[in-house]
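Engineer: One structure, pasted below without further comment.
Only the coordinates and a few stated rules stand behind these numbers; no lab work does. The structure displayed is predicted, hence computed values, not measured ones. Using ideal geometry, Cβ is built from the backbone for each residue, glycine included, and neighbour counts are taken over all protein chains shown.
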Amino acid sequence: MNKTIKLAVAGAVLSAASMANAGIIIPAGEWTMDINGNVNAFAIMTDADAAQTGAGVGASGVVANGIATAQVFGESKSSALNTGLLPSWLGFTGTTRQNDLDVSFTISFQPNASSNDGSGDVLAPLNRQAFLTFGDASWGSVKMGKDLGIFAGDAILSDMTLLGVGGAGGRSGTQTTLGGIGAGYLYPAWHGQIAYTTPNMNGFQATIGITNPDTGGGATANQDRFGIEGKASYALPMGKVWVSGASYNLKYAATNQDYDMNVLDIGTTINVGNASVTAYFYSGSGIGQTSTNYLDNTAAGGGASATFDERDGDGGMVQATYVIPTGTKLGVAYGLNRWDLADGETSASAVLDENNRWTVGAYHPLTKHLNLVAEFNAIESKDHQGDQQESDSISLGAILFF
């Protein structure tokens, strides 16, 4: 099973006994092929409060680019059948040992559970992975290609909603939901990258890499240097601790103005018997509403003001889970993302202030590979004018790993 899916499985949503340890293994000459992935679908029922009126409420009814689901046509209730935070996945990983090197490749595809057009066929599938690796246990490994970002990767892989829905699942036809993205952590995104990872040194391991800037400002923006991302982790007797960081720069060609995005985080997961606790915190400047690559000063949830002054932001999540005798994992999580006003902005600015989220979930291993999932999510968005919007959702579904 490729590394991202393995981490997702081991990422602490369900008990280890309930999940597959590998995909479908096929020897193929000098190569070993691993065909792996998941299929999931969720029925999501949402009840959204009407957003307060004010300058912070856009035409879509969303408070200053918050993530709380807005009412549509004045209706508070909506329903959807979507994939969850983790999309359905089909991955192919090939591994071999040649010239004293471990060599591998991974290519994956992510189809959708549904679409909201008449035919059900419009929504484009995702293509999140295409990378190669080479290395040796004695000196480490090199990755080249597209994969999950280095910064905040451990945060999303530690989120219990990774096998569920989390936030922003109330509208049909979305490719994925948001989980705790924007309300607990920033999205690591899927970057083209060249990264080096050290060997495992008695539990300590580090990664440093250059990444594709993934410019968020469209054709008017340019990034004249690579992004830089890195992380370090240490395995504890009962869990792990990690730190990671990222640095980007965006420049607008029309005005010759630019701003920087710099962010750091720290997190830990501690396991004691059937209980697990995760605590996470990040802080930075020039960061967007949900993602490190949301480098767009034109939006109320972007990383900088109209005068290219960075907006500071921070946030984090606390999560606790416990496996009861039936094997069901019960969990509760609270997440929060906050943004300060930039220099020159006032409380009258239509700028996002915070998103916060409560999640209660149950994840039951019906078989070794198949898990039933039930979640309740309460999301709230506020802007600096005091406008706010709330939505509650219940999701019921299943996820099958192979």
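Engineer: Assuming 0.36 nm per residue, please report the length gained on full extension of the stretch Q175 to A28 beyond their Cα-Cα distance.
Structural biologist: Result: 49.6 nm gained on full extension.
Engineer: Among all the aspartates and glutamates, which ones have a C-alpha under 20 Å from K143's C-alpha, if same-chain residues fewer than 8 places away are not counted?
Structural biologist: Of all the aspartates and glutamates, those that pass the test against K143 - Cα under 20 Å, at least 8 places apart if same chain - are D34, D100, D102, D154, D214, E229.
Engineer: Report, in listed order, any pair from K77/K231; K146/K251; K77/K146; K77/K329 with a Cα-Cα distance greater than 31 Å.
Structural biologist: Beyond 31 Å: K77/K231; K77/K146.
Engineer: Sticking with this structure for a sec: According to a simple spin-label model (label point 7 Å from Cα along Cα-to-Cβ), what is the distance in nm between D224 and L400?
Structural biologist: Calculated label separation equals 5.4 nm.
Engineer: What chymotrypsin sites (Phe, Trp or Tyr not before Pro) in the stretch 352-383 are in a loop by DSSP, with at most 12 other Cβ atoms within 10 Å of the Cβ?
Structural biologist: Passing both the DSSP loop test and the Cβ count: no residue.
Engineer: So if we plug the beta-carbon distance of Q98 and T198 into 1/(1 + (r/R0)^6) with R0 = 25 Å, what FRET efficiency do we get, rounded to 0.05?
Structural biologist: Efficiency, rounded to the nearest 0.05: 0.70.
Engineer: Just to verify a number: FRET efficiency for A235 and D340, C-beta to C-beta distance, R0 = 30 Å, to 0.05?
Structural biologist: For R0 = 30 Å, the calculated efficiency reads 0.30.
Engineer: How many nm is it between the label spots at Y322 and F376, if each spot is 7 Å from the Cα in line with the beta carbon?
Structural biologist: 1.7 nm
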